[in-house]
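**Q** Okay, here's the structure, questions in a sec.
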Amino acid sequence: MAQTRFQISTSGPGLYEFTSVVADWVAARSLDGLLTLFVQHTSCSLVVQENADPEVQDDLQAFYHRLVPPTSDPSMSYLRHTYEGPDDMPAHIKAAMLPVSLSIPVQSGRMVLGTWQGIYLFEHRNAPHSRRVAAHFSA
Amino acid sequence: MAQTRFQISTSGPGLYEFTSVVADWVAARSLDGLLTLFVQHTSCSLVVQENADPEVQDDLQAFYHRLVPPTSDPSMSYLRHTYEGPDDMPAHIKAAMLPVSLSIPVQSGRMVLGTWQGIYLFEHRNAPHSRRVAAHFSA
Amino acid sequence: MAQTRFQISTSGPGLYEFTSVVADWVAARSLDGLLTLFVQHTSCSLVVQENADPEVQDDLQAFYHRLVPPTSDPSMSYLRHTYEGPDDMPAHIKAAMLPVSLSIPVQSGRMVLGTWQGIYLFEHRNAPHSRRVAAHFSA
């Protein structure tokens with residue numbers, strides 16, 4: 001068993017890949033096992049997504065921004081938790097919809113990711129943030 | 001390794017926090033490890049959300065009610081599984097969209113939750129229910 | 001600890017149940033433990049859903065098709081990643097929204113699924129695919 005924490009700096013909404021730092025940490029275990037990631041915030045998410053075409057990441061961000069627009073949008077005027085600005089409550093809504101934890105089997109120190117799968121921190125807030133992702137590996 | 005089951009009584013749609021009963025059970029293990037929760041139903045969900053301002057919980061419920069309205073809403077007339085009433089199929093849709101399982105690393109008997117993170121049962125049905133959440137802890 | 005991989009053939013969008021092959025593999029372990037499933041693709045998902053009325057599965061597919069329509073729909077014209085056709089980017093969007101991994105406690109070789117819960121591969125692409133789901137069991 002091993003545990004660590006990853007720190008990811010964000011500068012506005014969108015996807016931030018951190019596959020390689022996770023892969024390096026898992027490789028150091030060089031065993032079969034299970035990796036679990038858990039994001040310690042309620043306004044960003046973890047997603048596994050295609051890492052080939054960067055347009056996929058832009059399109060994901062664009063879709064979720066339209067599905068859950070800022071509270072400055074008239075269609076969202078029924079929401080009340082707006083203390084931290086128009087991106088506050090939509091961030092919580094997206095954090096409920098998209099994964100807070102991910103579990104990925106590991107074989108001989110390699111996560112069994114598909115060919116095009118990368119691991120991303122999906123930031124939902126406008127302001128820069130430093131995000132923490134707790135990691136657990138069990139052999 | 002240890003396993004248990006939590007029982008959560010609900011009285012209509014919304015978020016029901018049960019962080020403290022989980023924390024107590026995990027504390028009794030007093031070890032590093034991994035906690036996994038799994039909800040044994042297809043019409044409610046598990047979410048990790050902000051536990052500071054109760055308006056967040058109300059807003060979450062309001063958003064998902066609008067995103068997936070009851071089948072009595074004309075926009076949902078294409079749905080066919082309505083045996084148990086207008087909140088039946090929307091509950092299944094929300095149960096697919098929001099987590100059925102959560103995994104949270106544990107350090108020295110404490111879940112590594114962020115400052116504002118609480119664990120909630122998100123009830124999607126109108127009638128009162130007794131919900132079961134299976135828990136697994138591995139050291 | 002044990003690991004395997006399940007192969008699921010799909011022929012268009014919708015839910016494909018594979019509960020029984022998972023149950024058989026877990027039963028062969030005949031122990032308490034934790035099962036984790038991870039789908040190795042970014043255009044399909046894993047869901048736990050009702051396995052009683054097949055209309056639930058049709059309704060789920062219908063709802064998510066309306067929530068995230070093909071890029072041939074004018075409302076989706078802002079999306080740019082359309083290389084593989086109008087079902088390409090919507091599949092990625094649904095793969096972010098619906099689970100990529102699931103964890104289910106196991107007692108004496110049986111998953112603690114609720115009475116009506118089944119495990120499904122949710123295919124988001126139109127063309128036939130062979131999908132891989134990695135499985136990990138830890139006692």
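The values are calculated or read from the model by the stated rules, or taken from the named source; none is laboratory data. Because the structure is a prediction, the values reported are computed rather than measured. Cβ coordinates were reconstructed from backbone atoms using ideal geometry, including for glycine residues, and neighbour counts include every protein chain displayed. Accessible surface is based on the protein model in full, side chains and every heavy atom, while ligands, DNA and RNA are left aside. Shrake-Rupley method; radii C 1.70, N 1.55, O 1.52, S 1.80 Å.
**Q** Name the residues in the range A:5-30 that are within 18 Å of A:Asn126 (Cα to Cα) and without any contact (Cβ under 8 Å) to a residue 12 or more places away in the chain, would you?
**A** none
**Q** Across the range A:125-139, what is the total count of residues that are open to solvent by 10 Å² or more (accessible area, probe 1.4 Å) and either farther than 30 Å from A:Ser77 by Cβ or outside any strand (DSSP E or B) (or both)?
**A** Matching residues across the range A:125-139 total 7.
**Q** With respect to C:Tyr120, determine if the residue is without any contact (Cβ under 8 Å) to a residue 60 or more places away in the chain and either of a type outside the set (A, V, I, L, M) or out of contact with any strand residue (DSSP E or B) (no Cβ under 7 Å at 6 or more places or on another chain) (or both).
**A** Taking the combined requirement at face value, the residue does not satisfy it.
**Q** Considering the range A:3-13 alone, what residues qualify as being within 14 Å of chain B (Cβ to nearest Cβ) and touching a Ser or Thr at 6+ places or on another chain (Cβ under 8 Å)? Quick ask: steps written out before the conclusion?
**A** So the first thing to find is which residues in the range A:3-13 are within 14 Å of chain B (Cβ to nearest Cβ), and the list is A:3-8.
A:Gln7, A:Ile8, listed by residue number.
**Q** Next question, about the same structure. Could you list, in sequence order, all residues of the range A:105-117 that are farther than 19 Å from B:Leu34 by Cβ and without any contact (Cβ under 8 Å) to a residue 24 or more places away in the chain?
**A** Answer for the range A:105-117, where residues must be farther than 19 Å from B:Leu34 by Cβ and without any contact (Cβ under 8 Å) to a residue 24 or more places away in the chain: A:Gly114, A:Thr115.
**Q** Among the residues of the range B:114-124, what is the count of those that are open to solvent by 50 Å² or more (accessible area, probe 1.4 Å) and within 18 Å of the chain's Cα centre (by Cα)?
**A** Residues flagged as open to solvent by 50 Å² or more (accessible area, probe 1.4 Å) and within 18 Å of the chain's Cα centre (by Cα) within the range B:114-124 amount to 1.
**Q** Name the residue that is most open to solvent (accessible area, probe 1.4 Å), counting only residues in the range A:1-13 that are of a type in the set (Val, Ile, Thr) and either farther than 24 Å from A:Asp87 by Cα or in contact with a Pro (Cβ under 7 Å, 6 or more places away or on another chain) (or both).
**A** A:Thr4
**Q** Filtering the range B:101-139 down to residues that are among the aliphatic types (A, V, I, L, M) and in contact with a Gly (Cβ under 7 Å, 6 or more places away or on another chain), which residue is modelled with the highest pLDDT?
**A** Only one residue tops the list, namely B:Val106.
**Q** Find the helices (runs of 4 or more DSSP H) located wholly in the range B:14-113 whose residues include 1 or more that are of a type in the set (Gly, Ala, Ser), more than 9 Å from every other protein chain (Cβ to nearest Cβ) and open to solvent by less than 10 Å² (accessible area, probe 1.4 Å), and list them.
**A** Per the criteria, B:88-97.
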